1. In µm²/s, what is D for the range 374-414 at 37 °C and 0.692 mPa s, where D = kT/(6 pi eta Rh) by Stokes-Einstein and Rh is the Kirkwood radius from Cα pairs?
2. How far apart, in nm, are the 7 Å Cα→Cβ label points at residue 135 and residue 366?
3. Whole number please: convex hull volume per residue of the Cα set in the chain, in Å³?
4. R0 = 56 Å: FRET efficiency of residue 261 with residue 431, Cβ-based, nearest 0.05?
5. How big is the range 23-95 in terms of Cα radius of gyration and Dmax, in angstroms?
6. Using alpha carbon coordinates only, what is the Rg to Rh ratio of the range 291-339, with Rh defined as the Kirkwood radius?
7. For the peptides 74-83, 319-328, 122-131, 11-20, what is the packing order when you average, over each peptide's residues, the other Cβ atoms within 10 Å and list the highest mean first?
8. Take the range 1-42, drop everything but the C-alpha atoms, weight them equally and run the Debye formula without solvent; then report log10 I(q)/I(0) at 0.20, 0.26 Å⁻¹ to two decimals.
Ligand code: FAD
Ligand code: NAD
């Protein structure tokens with residue numbers, strides 16, 4: 001039987017990053033993955049394929065709607081070849097997952113393909129495709145088994161027309177009418193892909209706004225973009241039934257007034273969140289506690305109730321984000337190696353890769369109000385930037401929230417072109433506990449979208465924005 005310092009179950013961004021860091025720290029490491037490709041949800045059916053389709057559909061939208069403004073004439077019969085678009089997406093995924101194979105070899109990590117399950121607290125059984133089982137021994141085990149799409153109890157996902165994000169990433173035709181249940185990150189990113197390609201999109205959201213956990217100003221601005229694209233945005237609607245009739249899906253919902261609404265589509269995407277995934281893991285055999293939300297229960301060191309077993313990523317509490325899983329992978333590897341790492345969960349940014357992009361870090365205004373924090377706001381619109389006008393991306397703003405007394409930046413919320421990248425400046429500033437004035441006093445290249453961050457900081461400092 002092979003013996004390891006660390007065995008990791010699950011090869012998503014949590015698991016494979018943990019494996020690399022364990023190996024860098026001199027530990028003999030094994031990585032167990034049930035699928036034949038590494039990279040988990042993120043690389044195979046999540047972050048990477050969705051961004052590939054967002055990019056492709058953005059090109060199409062630019063060509064059909066905006067090229068003419070730039071003096072570029074395109075034929076009026078410009079068409080989408082969905083099969084080719086999906087094939088390109090798959091080749092991006094394939095390149096990315098094979099990159100992980102390379103990284104595993106480079107770091108001398110033993111990769112096992114098969115379903116990993118606990119035999120006991122120091123042994124993992126690996127059930128392979130040919131039904132054979134191999135057992136490995138490990139001093140430490142990291143559970144990184146991720147998540148799967150959630151569903152509503154009354155919906156039968158047929159995965160043909162009543163689908164999750166996994167199927168929405170490989171459709172064979174452009175839906176004519178796509179009904180999306182859940183106006184969160186997945187619903188909006190994939191909703192934007194398909195409305196750009198020509199689908200009539202309806203978004204049904206239970207709460208009173210899309211992206212209900214983000215700053216309300218961001219939700220409002222993105223809602224405008226979807227409405228401008230003629231999407232039917234049904235807020236405060238509770239879906240009560242979803243039924244398939246031939247090629248049609250009939251969705252019934254109840255609005256705030258208690259009235260029943262019926263919406264029909266040829267596809268229905270269910271994107272109401274994801275659930276932690278521990279099926280087949282046999283956690284009980286090791287005595288590992290799973291809580292009533294289905295998450296592996298961990299302490300502040302990401303250690304389970306069993307001392308040598310840790311858990312990271314989507315399968316534990318907190319935001320279900322790839323970069324959060326990565327941070328936790330590194331954290332656990334360093335903890336096992338005897339170091340004292342630290343993660344500031346307040347500084348894990350959240351990004352929605354629609355266009356305009358939405359990004360945030362730190363506290364929202366709602367959270368600061370609830371905590372009775374005296375704060376001030378500095379906001380700057382992208383339309384006042386020369387760079388934004390030059391490219392034609394004038395929607396959106398940057399909002400900085402700072403402590404009224406100390407001027408420390410407490411939260412940054414932005415919507416606009418390239419915000420997914422701009423948010424890194426806010427994270428850096430907050431990591432070093434910058435004040436709004438600090439940000440306003442360092443130089444930002446001109447003309448850039450980043451100038452909006454400086455201007456919002458100026459606005460927060462003494463209402464000193466220069467270009468409004
Ligand atoms: P996962 O990536 O889910 O990986 C878990 C792995 O464990 C899987 O490969 C699974 O097969 C394997 N596994 C499970 N059980 C076993 C077992 N018993 N034995 C062996 N292997 C097992 N996040 C972002 O930060 N940015 C984005 O842009 C983004 N876009 C997304 C788009 C979509 C459509 C979706 C669905 C998700 C997106 N996410 C995004 C979320 C992101 O994918 C997850 O937060 C991230 O993948 C979690 O990483 P993880 O390592 O915890 O788990
Ligand atoms: P989500 O939590 O972002 O959104 C789910 C939405 O569905 C919420 O707005 C919620 O109010 C709504 N909802 C819940 N029950 C409902 C009901 N019965 N009827 C109508 N609406 C209902 O979840 P998601 O969009 O499915 O994404 C899952 C996870 O994947 C998220 O945690 C997210 O962080 C991650 N993800 C991240 C990215 C990114 O970082 N860009 C992209 C995609 C997914």
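1. This corresponds to a translational diffusion coefficient of 296 µm²/s.
2. 5.0 nm
3. Details: hull volume 80.8 nm³, N = 468.
Expressed per residue, the convex hull around the Cα atoms of the chain is 173 Å³.
4. Working: r = 46 Å, r/R0 = 0.82.
For residue 261 and residue 431, the calculated efficiency is 0.75.
5. Rg and Dmax of the range 23-95, Cα atoms, are 18.8, 60 Å.
6. Values: Rg = 10.5 Å, Rh = 11.0 Å.
The Rg/Rh ratio comes out at 0.95.
7. Values: 74-83: 9.7, 319-328: 21.4, 122-131: 15.3, 11-20: 29.2.
The most tightly packed comes first, giving 11-20, 319-328, 122-131, 74-83.
8. Each listed q maps to, in turn, -0.56, -0.85.
Computed from the coordinates by the stated procedures, all read-outs in this text should not be read as laboratory data. Just so you know, these numbers come straight off a predicted model, no measurement behind them. When we count neighbours, we look across all protein chains shown, and the Cβ atoms used for this are built from the backbone with ideal geometry, even at glycine.
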